[in-house]
1. Can you run down the residue pairs with Cβ atoms below 7 Å, 6 or more apart or on separate chains, where the first is in the range 40-61 and in a helix (DSSP H, G or I) and the partner is among the β-branched types (Val, Ile, Thr)?
2. Of all residues in the range 75-89, count the ones that are more than 27 Å from Glu65 (Cα to Cα) and surrounded by 10 or more Cβ atoms within 10 Å (Cβ to Cβ).
3. Check Ala68, Ala62 and return the single one that is small (Gly, Ala, Ser), under 38 Å from the mean Cα position of the chain (by Cα) and surrounded by 10 or more Cβ atoms within 10 Å (Cβ to Cβ).
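Nothing in this text is a laboratory measurement; each read-out follows from the coordinates by a stated rule. From a predicted model like this one, the values you see are computed outputs, not experimental measurements. Heads up, the Cβs are rebuilt from the backbone with ideal geometry, glycines too, and the neighbour counts pull from every protein chain shown.
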Amino acid sequence: MIRNALWIFVITIVILVIFIPSYSKMQDKKQINLEYQQQIDQLKEKNEELIEEKRKLEEDPAYLEKVAREKMHLMKEGEVMYKITPMNSQP
């Protein structure tokens, strides 16, 4: 009876020694997969934003003009651009 309990104990220890490192690796892989899934979700969101931006640039002339003026500093023919700087700022 004691011998059987000892064998069960030894077998349990051997099984734990074999499977605990594998379990730990599996948990590490799950964490890495979770991080990748978060990156994928962020990239999908960014992609949707870019698709919407593209649609606006192709279909909305007012938005296109706004982008051209603000980001590219373009102006219509005949317009004059004035740059106003505060007096206390240095060149």
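1. Within 7 Å, the pairs are Leu57/Val67.
2. 0
3. On the way: Ala62 fails: surrounded by 10 or more Cβ atoms within 10 Å (Cβ to Cβ).
Answer to the check: Ala68.
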